[in-house]
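The structure under discussion appears below in the form of C-alpha cells.
The values are calculated or read from the model by the stated rules, or taken from the named source; none is laboratory data. Quick caveat: nothing in here was measured; it's all calculated off a predicted structure. Quick reminder, even Gly has a Cβ in these numbers, built from the backbone with ideal geometry, and neighbours come from all protein chains shown. Remember, those area values only see protein heavy atoms, side chains included, never the ligands or the DNA or RNA. Shrake-Rupley method; radii C 1.70, N 1.55, O 1.52, S 1.80 Å.
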Amino acid sequence: MIINKVKRFSAMDNKLIELVIFPLICIVFILLHTNQSSSQTLASLLLMLTPLTLLLPRTEEAFEYKHLRLLFALVFTYFLYNFFILTQNTYSHLSLTSYRALFFWLLLPFTVIFLFNKKPTINSIALLFVIAAICSTYPIIADYQQNTRRGQSSMHAIFWGNISLCSAMIAFSLRKTFNNKSLKILSYVALIFGLMASFWSLTRGGWISIPLSLLCLYLCKSFTIKHLAAYSVILALLISLMPNVQERLLRTVKVNGSSWSNFSITLDGSTQARVDMWKMASALIKENPITGGGFSAYYDRAQELDHVQNYKMPHNEFIHSLVNGGIISLMLLLSVLVTLIIIFHGFRPGSHFKTAGYLLILQFSVFSISEIFFSTKLPIVYFCLASSFIIYAGLSEKHLNTTSS
C-alpha cells in the first residue's frame, strides 16, 4: 500500500514537472524573439528548474546515442574550464557577469533530456520555430508605438535581428515536415516576418549569412530555382521598402579615389571600430595564448584605445574566446559545434531537421564574426533551446523511420 502511494505521488510529481517545464521552454523560446527582459527572467527560472528533469523516468533514452553523450560531456567540460578561468584571474563585476551567462549552456543537456521524456510531436517542434519567427515582428510594432528604432524598445538590436533571421530560415527549411497546406504557407509567412525583423534591426553582420544559408538549402535539396526566385523577390521588396537598410549597406564601405594611385577604402565608424578592436585583441592573445587572460582582460586593456574604451569585448566570438580562455577555450567551443554537426549529420537521409541543424550552426558562426553569440545570455539560451529541439526531433524521426522499416 505504501509503495503504491509512493509510486502515485512520484507519477504526480513527474506530471507536474512536465506541465510546468515544457510550456516554460516554449514561452522562453518565443519571448527570445519579442522581449529581452521577460525572456531573460524566465530563462533564469527555467535554468533553476531544469535539474528536476533528472528525477523523471526513462532519462537513459537520451544517453543511447554516443555522440549525444559526448556533447553533454563537452558542454560540462567547457563550463568547468570557464570556472577555472574565472578563479585563476582577478575577480571583477564584469568577469562574474560573463561567467554567470555561461551557466545557460547547461540548458542544452537538460532540455534534450527533458524532451526525450516529454516526447512532443515532431510537427509541434517545427511549428514552434514558425510561431517564434512570426512573433519576432513584435519589437517593430513596439518601436512604432514608442517612436524608437531597430527593436530597441524591446530587444538588443543585434541579438534580436540575427535570432529572428535564424528562426525564419529554420522555419522555412521545416515547411515540408507539415502535411497541412496551411501550415506550409505559414512557414513562408514566418520567413517574410523573420526577414523583416532582421532588416529592421539593421544587423549587417547577420545578413552575410543569407547567401550562405541559401546555398545550404540548395545543397540539402530544400531549395529549388523557383524558391530562389521567390526569395530574391522578397528580399528586393523588403529592402526597397526600408530606406534605412539601403543606407546602412551603402555606408559600410566607401571606395575613394578615381585611379589606382589615390585608391583607398574607408570603413564606417562601427566597422572600423571592430577592426581596431580585433587588432588590439590579437596583441592581447599573444601574451597568454594557451589559457587566456580572463573574462575582463579585454576591457582592462581597452582603455589604451580611446575610441573603444567603452567596449567590454572585441565583438567577435572566436577572438573573444581566445582572449578570455586561450586556445583551450576556443577548442572546447569548436568541439561542441563540431559534435553538434556530427549529430545533425547522423539524422536520417533527407531529414529537414538535418538542414535546420546545419543552418543553426552556419548562421551562429557567421553572427559570431561581428558579435559574441556563444558567450552572452540571450543568444546562448536561444542556441541551446534551438539545438535541443532539432536534436530531439531529428533523432526521434530517425528512430521512427528505423522501427517502421
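Some points to look at:
- Some residue of the range 77-93 being within 18 Å of the chain's Cα centre (by Cα), in contact (Cβ under 8 Å) with a residue 40 or more places away in the chain and under 23 Å from L340 (Cβ atoms): yes
- The range 109-165, residues that are among the basic types (K, R) and closer than 19 Å to I210 by Cβ: R150
- Among the conditions (1) farther than 30 Å from K312 by Cα; (2) aliphatic (A, V, I, L, M); (3) crowded, with 18+ Cβ neighbours inside 10 Å, the only one that L183 does not satisfy is (3).
- Boolean, L215 is free of Cβ contacts under 8 Å to residues at least 12 places away in the same chain and over 28 Å from T271 (Cβ atoms): no
- Residue match in the range 282-290 (condition: modelled with pLDDT of 90 or more and not polar (S, T, N, Q)): yes
- For the residues I163, I140, I134, I125, the requirement of being touching a residue at least 12 places away in the same chain (Cβ under 8 Å), in contact with a Ser or Thr (Cβ under 8 Å, 6 or more places away or on another chain) and within 27 Å of V366 (Cβ to Cβ) singles out I163.
- Residue within the range 172-182 that is at negative phi, hydroxyl-bearing (S, T, Y) and free of Cβ contacts under 8 Å to residues at least 12 places away in the same chain present: yes
- Residue within the range 223-240 that is at pLDDT 85 or above, surrounded by 11 or more Cβ atoms within 10 Å (Cβ to Cβ), hydrophobic (A, V, I, L, M, F, W, C) and not in a helix (DSSP H, G or I) present: no
- Test: residue in the range 162-174 that is among the hydroxyl-bearing types (S, T, Y), open to solvent by 10 Å² or more (accessible area, probe 1.4 Å) and in a helix (DSSP H, G or I): no
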